[in-house]
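Some notes on the structure that comes next.
The values are calculated or read from the model by the stated rules, or taken from the named source; none is laboratory data. Bear in mind that the values here come from a model prediction, so they are computed numbers and not experimental data. Neighbour counts run over all protein chains shown; Cβ positions are idealised from the backbone, glycine included.
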Amino acid sequence: MDRLISLEPSNIVTIRIEPGQKCSGLITLLNVMYTMPVAFRLQPVNKTRYMVSPQSGIILPLTTLTLEITYNLPPNSTLPHRFPHGDDSFVLQSVVAPGSNIKNPSSTYDSVPSEWFTNKKKQVYSDSGIRIMFVGSQILTQLVIKGYMDEIREVLEKTDPSWKAVDSIDSDGQSLLHLAISQGRPDLVQLLLEFEPDIDAHGLAGSSPLEAAAASGEALIVELLLAHKASPERSESSTWGPIHLAAGNGHVDVLRHLLLKGAKVNALTKDGTTALHVAVEERRRDCARFLLANSANTDIRNAHDGDTPLHIASSLGDEQMVKLLLHKGANKDIRNKLGKTAYDLAAENGHTKLFDALRLGDNFSVAARKGDLRMILRLLENGASINGRDQNGWTALHRAAFKGRVDVARALIEKGIDVNAKDEEGYTALHCAVEAGQVDAVELLVKKRADFEARTNKGVTPFQIAESFNYPGIIRILVHGGAAKDDVSKFSSKKNSDLFDNGIARRDMDHGVIKKKSNYSARVHRSSLDRSGPLAVV
């Protein structure tokens with residue numbers, strides 16, 4: 001810096017580039033002389049690109065003068081040839097003004113004769129330290145697209161605070177945050193967040209930054225935005241909210257962040273659909289499972305056609321999703337706006353594999369429980385699966401064996417039912433028959449080569465259950481049928497209480513529960529589905 005003039009606040013001139021606007025920046029010169037006026041002249045090396053106004057003048061002692069530097073964009077271009085730092089240079093010349101008695105302030109704007117800066121009798125100071133930095137929306141969007149972290153920070157720090165540079169948008173209406181998110185750059189997002197952007201600004205298609213991050217599965221960016229108080233709910237201009245976008249695109253981690261920060265699991269899209277509807281329609285089973293684990297309502301009907309998630313899964317023929325929804329308590333009897341159940345939609349679309357889960361399986365099980373052989377045969381003719389299961393995981397043979405419906409059990413076996421099919425707890429039909437004390441059913445199953453050594457999930461065999469209840473008739477059938485002799489010797493020496501202490505023969509309430517009493521005897525309680533069955537065994 002020369003000894004006559006200093007540059008305020010620095011030697012960097014920021015020129016803002018905006019489409020359709022004058023591209024200019026300001027620089028302030030300070031006369032550091034206490035008593036002498038100073039003449040100056042500022043000239044760009046490339047005079048076709050820049051214009052300085054005023055280009056020369058006189059500055060009174062210890063006063064300042066602000067100059068405007070205008071930049072001419074290259075033809076057919078919206079950006080400088082180089083940015084954010086230009087490579088052009090300027091020459092600032094200064095000299096003590098002849099006639100130190102100049103006191104009229106208006107003279108500071110007078111044109112200064114060029115010979116003042118060529119007079120060898122005067123000491124002329126020359127400074128070439130002025131530098132150009134280009135700023136503006138187009139500059140920042142390009143820097144974000146290129147991922148230039150240092151340059152972005154410098155531009156944001158150098159920009160006039162009166163202009164919220166961090167809220168710049170590109171020609172498509174995308175904010176800097178949206179651009180950083182589209183590149184999957186949490187570091188860029190973190191940098192922009194330091195400058196406090198409008199965190200809920202709408203981008204392309206009206207989506208917020210959080211919605212854009214949720215859709216693309218950027219879990220870390222979602223976490224950053226939520227930490228900076230981004231709203232987890234659907235923005236007014238968006239069709240889908242963050243939770244719907246995450247569910248529809250299969251992003252479980254994003255769903256986790258959203259729900260932790262208060263997103264409503266049953267929030268609706270603009271057209272009245274929940275995230276569970278979306279996850280089911282897009283076959284995102286992990287997301288559906290996560291939503292259901294966080295209390296998503298299975299029975300909300302969407303606004304368009306009144307479909308529940310179960311309707312959608314049934315229409316698609318998604319067997320696993322149907323079973324998941326039913327397991328979580330979905331009501332299969334709800335009708336949509338056309339009066340159709342989930343079963344009706346499955347039938348219309350030819351998804352016969354769903355018939356058991358949606359209707360036939362339950363009817364099949366009820367018929368087995370009641371001993372209605374004619375109904376069983378009719379259901380099989382209508383497409384019911386012989387090995388279909390009800391919503392409790394039991395086959396018709398489980399139910400017939402538990403209720404002692406020997407004729408039904410025999411018919412089912414002749415039709416090819418899996419004699420050794422297990423429910424979710426590992427119980428076979430033989431376990432169920434033994435547990436309920438159904439001697440005839442046990443005898444039939446043993447004759448039909450049921451596996452009397454099959455073990456439940458807790459390692460219990462049918463013989464152990466019979467021994468625990470002291471069913472001598474059933475024990476004889478099993479022993480004669482070939483029950484493992486080590487089971488016989490092992491359990492004949494044990495107390496009944498030992499069996500209960502090891503978790504033997506304890507059933508779910510829907511199947512028939514055996515509970516321990518204080519005197520170690522036990523009682524079989526009929527399930528809510530078996531109210532018409534035999535009396536409990538004491």
Yes/no for Ala342 being surrounded by 24 or more Cβ atoms within 10 Å (Cβ to Cβ), of a type outside the set (D, E, K, R) and farther than 29 Å from Ile474 by Cβ: yes
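For every residue, the table says whether it meets (1) over 24 Å from Val408 (Cα atoms); (2) over 54 Å from the mean Cα position of the chain (by Cα); (3) at pLDDT 95 or above.
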site	(1), (2), (3)
Lys448	no, no, no
Asp451	no, no, no
Lys458	yes, no, no
Phe469	yes, no, no
Gly473	no, yes, no
Val479	yes, yes, no
Ser489	yes, yes, no
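Quick check on my filter: what residues within the stretch 120-161 are touching a residue at least 24 places away in the same chain (Cβ under 8 Å) and in a loop (DSSP other than H, G, I, E, B)?
Lys122, Gln123, Val124, Ser128, Gly129, Ile130, Gly136, Gly147, Thr159, Asp160
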Could you check, for the stretch 87-94, whether at least one of its residues is outside any strand (DSSP E or B) and on the phi > 0 side of the Ramachandran plot? no
Can you say whether Thr273 is within 19 Å of Leu354 (Cβ to Cβ), at pLDDT 95 or above, not small (Gly, Ala, Ser) and not in a helix (DSSP H, G or I), as far as the supplied structure shows? no
Single residue of the stretch 1-28 satisfying the filter (surrounded by fewer than 17 Cβ atoms within 10 Å (Cβ to Cβ) and β-branched (Val, Ile, Thr)) that is modelled with the highest pLDDT: Thr28
Give the residues of the stretch 403-427 that are out of contact with any strand residue (DSSP E or B) (no Cβ under 9 Å at 6 or more places or on another chain), under 16 Å from Lys448 (Cα atoms) and of a type outside the set (D, E, K, R), sorted by residue number. Gly404, Val406, Val408, Ala409, Ala411, Ile413, Gly416, Val419, Asn420
Taking the stretch 276-291 as the region of interest, how many residues are part of a helix (DSSP H, G or I) and either under 14 Å from the mean Cα position of the chain (by Cα) or touching a residue at least 60 places away in the same chain (Cβ under 8 Å) (or both)? 10
I'm trying to understand the selection: among the residues of the stretch 98-139, which are modelled with pLDDT of 75 or more and more than 60 Å from the chain's Cα centre (by Cα)? Val112, Pro113, Ser114, Glu115, Trp116, Phe117, Thr118, Lys122, Gln123, Val124, Tyr125, Ser126
Any idea which residue in the stretch 198-217 is surrounded by the fewest Cβ atoms within 10 Å (Cβ to Cβ), counting only those that are of a type outside the set (Gly, Ala, Ser) and more than 11 Å from Gly173 (Cβ to Cβ)? Asp198
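A quick yes/no check of all residues on (1) hydroxyl-bearing (Ser, Thr, Tyr); (2) modelled with pLDDT of 95 or more:
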| site | (1), (2) |
| --- | --- |
| Ser168 | yes, no |
| Asp172 | no, no |
| Glu194 | no, yes |
| Asp200 | no, no |
| Ala205 | no, no |
| Leu210 | no, yes |
| Leu220 | no, yes |
When the stretch 410-430 is checked residue by residue, the ones that are in contact (Cβ under 8 Å) with a residue 40 or more places away in the chain and not aromatic (Phe, Trp, Tyr) are Leu412, Asp423, Glu425
Condition first: touching a Gly at 6+ places or on another chain (Cβ under 9 Å) and surrounded by fewer than 16 Cβ atoms within 10 Å (Cβ to Cβ). Now tell me which residues in the stretch 416-438 satisfy that. Glu424, Glu425, Gly426
Consider only pairs whose beta carbons are under 6 Å apart and that are at least six residues apart or on different chains; among these, list those whose first residue lies in the stretch 8-37 and is of a type in the set (A, V, I, L, M, F, W, C) and whose second residue is loosely packed, with under 12 Cβ neighbours inside 10 Å and modelled with pLDDT of 90 or more. Leu26/Thr66
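Kindly establish whether His228 is surrounded by fewer than 19 Cβ atoms within 10 Å (Cβ to Cβ) and not aromatic (Phe, Trp, Tyr).
Values: surrounded by fewer than 19 Cβ atoms within 10 Å (Cβ to Cβ): yes; not aromatic (Phe, Trp, Tyr): yes.
Considered against the rule, which asks whether it is surrounded by fewer than 19 Cβ atoms within 10 Å (Cβ to Cβ) and not aromatic (Phe, Trp, Tyr), His228 comes out as yes.
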Looking only at the stretch 1-57, which residues are among the polar types (S, T, N, Q), within 30 Å of Ser171 (Cα to Cα) and not in a loop (DSSP other than H, G, I, E, B)? Thr14, Ser24
Filter pass, Ile312 being among the β-branched types (Val, Ile, Thr) and either closer than 22 Å to Ser208 by Cα or surrounded by fewer than 20 Cβ atoms within 10 Å (Cβ to Cβ) (or both): no
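Residues are listed down the side, and each one gets a yes or a no for (1) out of contact with any Phe, Trp or Tyr (no Cβ under 7 Å at 6 or more places or on another chain); (2) within 26 Å of Asn363 (Cα to Cα); (3) surrounded by fewer than 20 Cβ atoms within 10 Å (Cβ to Cβ):
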site	(1), (2), (3)
Val278	yes, no, no
Arg284	yes, no, no
Arg289	yes, no, yes
Asp318	yes, yes, no
Met321	yes, yes, no
Taking the condition under 12 Å from Leu258 (Cα atoms) and crowded, with 24+ Cβ neighbours inside 10 Å, does Glu233 pass? no
Take the residues of the stretch 69-86 that are outside any strand (DSSP E or B) and among the aliphatic types (A, V, I, L, M): which is nearest to Lys47 (Cα to Cα)? Leu73
From the list Val95, Val38, Val32, Val91, pick out the single residue that is touching a Lys or Arg at 6+ places or on another chain (Cβ under 6 Å) and not small (Gly, Ala, Ser). Val95
For Leu354, state whether it is within 33 Å of the chain's Cα centre (by Cα) and on the phi < 0 side of the Ramachandran plot. yes
Over the stretch 241-256, the set of residues within 14 Å of Ala275 (Cβ to Cβ) and surrounded by fewer than 24 Cβ atoms within 10 Å (Cβ to Cβ) is Gly248, Asn249, Gly250, Val252, Arg256
Take Asp170 and tell me if it is within 20 Å of Arg82 (Cβ to Cβ) and free of Cβ contacts under 8 Å to residues at least 12 places away in the same chain. no
